[in-house]
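As C-alpha cells, the structure follows; a few thoughts come after it.
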Amino acid sequence: MDKDFGELVYRSEESHKGVLLLRLEHKTGKEKAEIVAKIVKKYGTRLAGSFAVYRASRLRFRK
C-alpha cells in the first residue's frame, strides 16, 4: 500500500525478491488479505522478482 516504497524499489532498478503494490484504499484489512491470498495463489511464481500493481480488480506486471 506504500506508494513511496513502490516507487523507490521500481526506480532504483536494484534486485529484489518481488513487490506487490496494492491500490486498495477503500477495502478493509480482511478484504485486502483475501485479495492478496488470491493473487499469491494464482500468480505466486510469477510474482517472484517482479514488480506488480493491483488496482480495480486488475494485476499489472511492470518491467
Inset, instruction - Go through Val9, Val36 for me and flag whichever is out of contact with any Gly (no Cβ under 6 Å at 6 or more places or on another chain), over 16 Å from Leu59 (Cα atoms) and surrounded by 14 or more Cβ atoms within 10 Å (Cβ to Cβ). - result: Val9
Inset, instruction - Could you list all residues from region 46-63 that are loosely packed, with under 10 Cβ neighbours inside 10 Å and more than 15 Å from Tyr10 (Cα to Cα)? - result: Ala56, Ser57, Arg58
Legend entry - Residues that are modelled with pLDDT under 85 and either surrounded by 15 or more Cβ atoms within 10 Å (Cβ to Cβ) or at positive phi (or both), drawn from region 12-30: Glu13
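The values are calculated or read from the model by the stated rules, or taken from the named source; none is laboratory data. Quick caveat: nothing in here was measured; it's all calculated off a predicted structure. Heads up, the Cβs are rebuilt from the backbone with ideal geometry, glycines too, and the neighbour counts pull from every protein chain shown.
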